[in-house]
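The values are calculated or read from the model by the stated rules, or taken from the named source; none is laboratory data. From a predicted model like this one, the values you see are computed outputs, not experimental measurements. Because the Cβ atoms are built from the backbone with ideal geometry, glycine has one as well, and the counts that use them run over all protein chains shown. Accessible surface areas use protein heavy atoms only, side chains included; no ligands, DNA or RNA. Shrake-Rupley method; radii C 1.70, N 1.55, O 1.52, S 1.80 Å.
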Amino acid sequence: LEAGESAVAAGALMAGLDTLRRAVWDARQLGDRDLLARALVTLGSALVHAARGTDEEGAAVLIEGSGLAVDIGDMGMASTAQRELGYIALLRGQYQRSLRWLDGARELAGEHTGHRGWIELIAGKAYTDLGRHAVAREHLDEAVALAADARDRRCESFAQASSGRLLIQRQEWDAAAAALTASLRLAQED
């Protein structure tokens, strides 16, 4: 599982996905439900973020992983899976479906700021696309704050970039420049 994650992160996409698929198969053979949930969610996330055109497989794997994570009581893993399903729906322009998945992810995340930062980021992007700028700004501001609190520079950078995009749409040029500059700084530091 760790080798597959590392390979995907290093850009060896096909090797990483093959390794993650093997991790799922091995976890099934071992009958280790905790490991299987983690492997499913990791594979599903990799399919969604690293390999365009594999969203269907990613969604199926994430749905299975989410259900299994709930069954074993790993609400953080279930939250991650449902957040990723919300992201898939966002990419497809299925905003109401995305927001429903994100509501479920938020409930499962509880007070875990690391999970919640990403959830609010995706919600903010959905509301931006819907033209509900005031609501989008609230979610994106919360994402920035939660990510900073969790010291997740990657999430904070994405949230600042999404805020910059929203502010450009609103023609708030100075605020957009500040958000985008902060995003670039965070990305470079990360």
Go through segment 110-137 and give me each residue that's open to solvent by less than 20 Å² (accessible area, probe 1.4 Å) and touching a Phe, Trp or Tyr at 6+ places or on another chain (Cβ under 9 Å). 121, 122, 126, 136
With the requirement that a residue be part of a loop (DSSP other than H, G, I, E, B) and within 18 Å of residue 171 (Cβ to Cβ), what does segment 122-149 give you? 131, 132
Selected residue (criterion: nearest to residue 189 (Cα to Cα)) from residues of segment 147-169 that are open to solvent by less than 20 Å² (accessible area, probe 1.4 Å) and in contact (Cβ under 8 Å) with a residue 24 or more places away in the chain: 157
Residue 96: passes all of (1) open to solvent by 70 Å² or more (accessible area, probe 1.4 Å); (2) within 18 Å of residue 34 (Cα to Cα) but (2)
Which one of these does residue 101 not meet: (1) open to solvent by 20 Å² or more (accessible area, probe 1.4 Å); (2) over 23 Å from residue 59 (Cβ atoms)? (2)
Which ones in segment 18-63 are modelled with pLDDT of 95 or more and in contact with a Ser or Thr (Cβ under 8 Å, 6 or more places away or on another chain)? 20, 23, 41, 62
Matching residues in segment 90-126 - criterion: being without any contact (Cβ under 8 Å) to a residue 24 or more places away in the chain and either among the β-branched types (Val, Ile, Thr) or farther than 22 Å from residue 40 by Cα (or both): 94, 96, 111
Pairs needed: first member in segment 78-89, open to solvent by 10 Å² or more (accessible area, probe 1.4 Å); second member anywhere, assigned to a helix (DSSP H, G or I) and among the basic types (Lys, Arg); C-beta distance under 8 Å; at least 6 residues apart or different chains. none
Please verify whether residue 188 is of a type in the set (S, T, N, Q), open to solvent by 20 Å² or more (accessible area, probe 1.4 Å) and part of a loop (DSSP other than H, G, I, E, B), treating the condition exactly as stated. no
